[in-house]
Amino acid sequence: MNKLIEILQKQKNIKVIAPEIEYEDYVAFDLSAPTTDKLNLPLTDANAFEDFVESHLTKNNSKVAYGGYLEHRNLYQRSTVFKDVNVEERNIHIGLDLWIKAGTDVLAALDGTIHSFQNNTALGDYGPAIILEHQIEGLTFYTLYGHLSLESLDGKHEGQKVSKGEIIAQLGAPPINGDYAPHLHFQIIKDLQGKKGDYPGVCSKTELSFYKENCPDPNLLLQIK
Ligand SMILES: [Zn+2]
């Protein structure tokens with residue numbers, strides 16, 4: 001088996017958001033294109049979308065809605081970050097989204113250091129994002145936390161040590177978070193390809209085999225059932 005996947009699956013009791021909420025209080029949230037089309041979801045209106053998330057949580061008696069790894073979505077169509085007339089559209093989501101209200105604490109998944117951070121300000125981008133670097137059993141890999149509050153970047157420096165479960169940020173609100181309903185985009189990255197404070201969270205169909213390998217399913221680590 002792939003060494004990184006083996007390492008991820010070996011970890012236990014990982015939380016990246018709201019440590020007080022148990023995984024049994026999480027509910028799956030399907031944002032694939034057929035579903036969002038069918039429900040006619042307000043994809044371009046962050047506040048209306050947040051209301052939809054709230055109602056999904058209430059209906060399911062849950063506290064966090066999660067999902068989205070390898071989901072084909074159409075909620076990126078409003079943003080030029082994901083579209084270029086000469087390039088194939090990027091609409092496959094390669095992280096895991098955790099939907100809960102702005103201000104919720106975001107935690108380091110594992111021991112590590114701050115690799116880099118940045119406010120990615122384009123519409124539909126991450127807004128403030130932090131990338132942590134981890135070394136386990138001689139393997140280096142990264143975790144990315146996107147859609148944070150601006151204050152989350154205050155006082156941070158590259159190389160700063162963080163411990164598993166340490167609060168590293170809070171969830172941002174629209175429009176600072178890229179103008180989405182509040183959620184954490186959490187992604188695991190094997191090779192950062194020289195990037196800092198940013199890494200693609202969505203890819204095109206032709207890129208998928210590379211990104212699937214380079215960004216394994218975050219739920220191998222979180223183990224939300
Ligand atoms: Zn995401």
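For the reader, a short list of remarks on this structure follows.
- The distance from the alpha carbon centre of region 28-56 to that of region 106-149 is 26 Å, rounded to a whole number.
- Three-way shape call for region 77-169 based on the alpha-carbon gyration tensor, with the a/c threshold at 1.5: prolate
- Sequence-distant lysines (8 or more away, or on other chains) whose Cα lies within less than 22 Å of Lys156: Lys15, Lys164, Lys195, Lys196
- Most mobile listed residue (Lys196, Lys212, Lys12) in the chain, GNM with C-alpha springs under 10 Å: Lys12
- Length-normalised contact order for the chain - Cα pairs under 8 Å, 6+ apart - percent: 25 percent
- Inter-label distance, Glu89 to Lys3: 3.9 nm, where each label sits 7 Å from its Cα along the C-beta direction.
- Residue separation of Glu22 and Lys205 scaled by 0.36 nm, minus their Cα-Cα distance, works out to 62.4 nm of gained length.
- Surface share of carbon and sulfur [accessible, 1.4 angstrom probe, percent] for the chain: 49 percent
- Rounded to the nearest 20 debye, dipole of the chain from Cβ charges on Lys, Arg, Asp, Glu: 360 debye
- When the Gaussian network model of the chain links Cα atoms closer than 10 Å, the mean-square fluctuations of Leu150, Leu39, Leu31 top out at Leu39.
- Rounded to whole Å, the principal axis extents of the Cα atoms in the chain read 47, 43, 38, largest first.
- Two-site FRET efficiency, Lys10 against Asp37, from Cβ-Cβ distance with R₀ of 30 Å, rounded to 0.05: 0.15
- Report summary: the helix-based calculation at 222 nm, which adds -39500 (n - 2.57) for every DSSP H run with n ≥ 4 and divides by the residues of the chain, gives -5000 deg cm²/dmol.
- Kirkwood-Stokes translational diffusion coefficient of region 136-225, alpha-carbon pairs, 20 °C, 1.002 mPa s, µm²/s: 144 µm²/s
- Gained length - Lys59 relative to Gln118, 0.36 nm times residue gap less alpha-carbon distance: 17.7 nm
- Under 5 Å from the amide H of Ile168 lie the amide H atoms of Val106, Leu107, Ala108, each residue being 5 or more positions distant or on a separate chain, with H modelled from the backbone and absent for Pro and chain starts.
- Among the listed pairs Lys12/Lys101; Lys59/Lys190; Lys10/Lys212; Lys3/Lys63; Lys63/Lys212, those beyond 30 Å (Cα-Cα): Lys59/Lys190; Lys3/Lys63
- On the beta carbon distance between Asp217 and Glu158, with R0 = 35 Å, the FRET formula returns roughly 0.80.
- Beta bridges by DSSP in the chain, antiparallel share as percent, to the nearest 5: 95 percent
- Projected label distance in nm at Asp45 and Ile167, using a 7 Å step from Cα toward the beta-carbon: 3.4 nm
The values are calculated or read from the model by the stated rules, or taken from the named source; none is laboratory data. Values in this document were obtained by computation on a predicted structure and should not be read as measured data. As a convention, Cβ positions derive from the backbone with ideal geometry for all residues, glycine included, and neighbour counts pool all protein chains shown. Note: areas computed on protein heavy atoms with side chains; ligands, DNA, RNA excluded. Shrake-Rupley method; radii C 1.70, N 1.55, O 1.52, S 1.80 Å.
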